[in-house]
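Trainee: My questions all concern the structure below.
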Amino acid sequence: MTTDTTTKDATPGSNPPGETVLDARGVTMRFGGLTAVRNVNLTVNSGEIVGLIGPNGAGKTTFFNCLTGLYIPTEGEVRYKGQILPPKSFKVTAAGIARTFQNIRLFANMTVLENVLVGRHTRTKEGLWSALLRGPGFHKAEKASRERAMELLEFVGLDAKAEHLARNLPYGEQRKLEIARALASEPGLLLLDEPTAGMNPQETRTTEELVFAIRDKGIAVLVIEHDMRFIFNLCDRVAVLVQGEKLVEGDSATVQGDERVVAAYLGEPFEDAPGKDEVAEVEAAEAHAEPSKDTAPGKENDR
Ligand SMILES: Nc1ncnc2c1ncn2[C@@H]1O[C@H](COP(=O)(O)OP(=O)(O)OP(=O)(O)O)[C@@H](O)[C@H]1O
Ligand SMILES: [Mg+2]
């Protein structure tokens, strides 16, 4: 596991080391009689990748929605770099938190590049009149935006497909495009909701590298995933939600070894669980596998 937390190649939204980027305190979200999230505290510091895991329906996505202004928590408060977040999604994005969605949300009939340009709108100063009149200020800003968008596409490995329609991308690449679009708002914190759902093992590995690279740019990351190998390889800290409550939080070894987490979520290893040799064999096969063009969509691909 990479433990290097130095920040290189910092982007405009990047964080100085040691800062608390996200501070969620006592967040509770009720829907009628159902308490989906109950009194959850969670911090993310600069330079960190933090994981959020838990069974289906545990409240992970609801918690993300409370962090990003989609839901106003019934109780509790969320601070980003010390400031209480405004209860509106676009203001949260402008403040510096970007996210991807469990159910991919792209503009299917726009090109890959256009999708990233849409993500830049919170960072472009040019207003409606400038866009309509198309004066020199507009052209300059548009050129800078396109350059930045192409840079981001290169960063996620999609620059060669900039002019393709988003809907023609294989599923794994659509997830990467969502990440590029989120990065286009120049965030200091990126929230990823199941970034590898529906990906094959090789795509999952590439996404792991991508998340490390994002962290190395000085962007803190909070990630929800059900793929435990991905989570435990990647995260400095992992919090476990069960029935809306935070059950345990700690480093990968602590969480993997916690009896309550094993009982509530991870489960005991099966009797015939593969040994080290089998795991090595599977990994070697994965490393040589051809990337699949028609990746089977996961349950979440219900756009
Ligand atoms: N808008 C809503 N109205 C009513 N109930 C909701 C709403 N959003 C979520 N819930 C409920 O809140 C609970 C938590 O759901 P949530 O989607 O946050 O779980 P999750 O941990 O993300 O699960 P998964 O791993 O399956 O994505 C569920 O019981 C869900 O039905
Ligand atoms: Mg979810």
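The values are calculated or read from the model by the stated rules, or taken from the named source; none is laboratory data. Keep in mind that what you see is a predicted model, and the values were worked out from it rather than measured. Using ideal geometry, Cβ is built from the backbone for each residue, glycine included, and neighbour counts are taken over all protein chains shown.
Trainee: Any chance segment 93-113 includes a residue that's among the basic types (Lys, Arg), part of a helix (DSSP H, G or I) and either at pLDDT 95 or above or within 13 Å of ligand 2 (Cβ to nearest atom) (or both)?
Mentor: Keep residues of segment 93-113 that are among the basic types (Lys, Arg), which gives 99, 105.
From what is left, the residues that are part of a helix (DSSP H, G or I) are none.
So far as segment 93-113 goes, no, none of its residues is among the basic types (Lys, Arg), part of a helix (DSSP H, G or I) and either at pLDDT 95 or above or within 13 Å of ligand 2 (Cβ to nearest atom) (or both).
Trainee: Regarding segment 38-48, can at least one residue be identified that is free of Cβ contacts under 8 Å to residues at least 12 places away in the same chain and either more than 16 Å from the chain's Cα centre (by Cα) or within 16 Å of ligand 2 (Cβ to nearest atom) (or both)? Steps first, please.
Mentor: Initially, segment 38-48 is screened for residues free of Cβ contacts under 8 Å to residues at least 12 places away in the same chain, giving none.
The answer is no, given that none of the residues of segment 38-48 is free of Cβ contacts under 8 Å to residues at least 12 places away in the same chain and either more than 16 Å from the chain's Cα centre (by Cα) or within 16 Å of ligand 2 (Cβ to nearest atom) (or both).
Trainee: Taking the criterion of being away from ligand 1 (no atom under 16 Å from the Cβ), β-branched (Val, Ile, Thr), farther than 17 Å from Ala24 by Cβ and at pLDDT below 95, would at least one residue in segment 216-229 satisfy it?
Mentor: Initially, segment 216-229 is screened for residues away from ligand 1 (no atom under 16 Å from the Cβ), giving 216-221, 229.
Filter again for β-branched (Val, Ile, Thr), leaving 219, 221.
With the extra rule that they be farther than 17 Å from Ala24 by Cβ, the set shrinks to 219.
Going one step further and asking which of them are at pLDDT below 95, we end up with none.
Scanning segment 216-229, I find no residue that is away from ligand 1 (no atom under 16 Å from the Cβ), β-branched (Val, Ile, Thr), farther than 17 Å from Ala24 by Cβ and at pLDDT below 95, so the answer is no.
Trainee: Conditions: (1) over 14 Å from the mean Cα position of the chain (by Cα); (2) buried (at least 22 other Cβ atoms within 10 Å of the Cβ); (3) under 21 Å from Leu22 (Cβ atoms). Lys217 meets all but one. Number of the miss?
Mentor: Of everything listed in (1) over 14 Å from the mean Cα position of the chain (by Cα); (2) buried (at least 22 other Cβ atoms within 10 Å of the Cβ); (3) under 21 Å from Leu22 (Cβ atoms), Lys217 misses just condition (2).
Trainee: Determine which single condition Ser185 fails, assuming it passes every other condition in (1) farther than 24 Å from Gly18 by Cα; (2) in contact (Cβ under 8 Å) with a residue 12 or more places away in the chain.
Mentor: Result: Ser185 passes all but (1).
Trainee: Next question. Considering only segment 212-251, state which residues are within 16 Å of ligand 2 (Cβ to nearest atom) and within 23 Å of Val156 (Cβ to Cβ).
Mentor: Within segment 212-251, Leu222, Val223, Ile224, Glu225, His226, Asp227, Phe230, Ile231 qualify.
Trainee: May I ask you to list the residues in segment 16-37 that are closer than 13 Å to Thr62 by Cα and crowded, with 19+ Cβ neighbours inside 10 Å?
Mentor: Filtering segment 16-37 down to residues closer than 13 Å to Thr62 by Cα leaves 27-31, 34-37.
Hits for segment 16-37 are Val27, Met29, Ala36, Val37.
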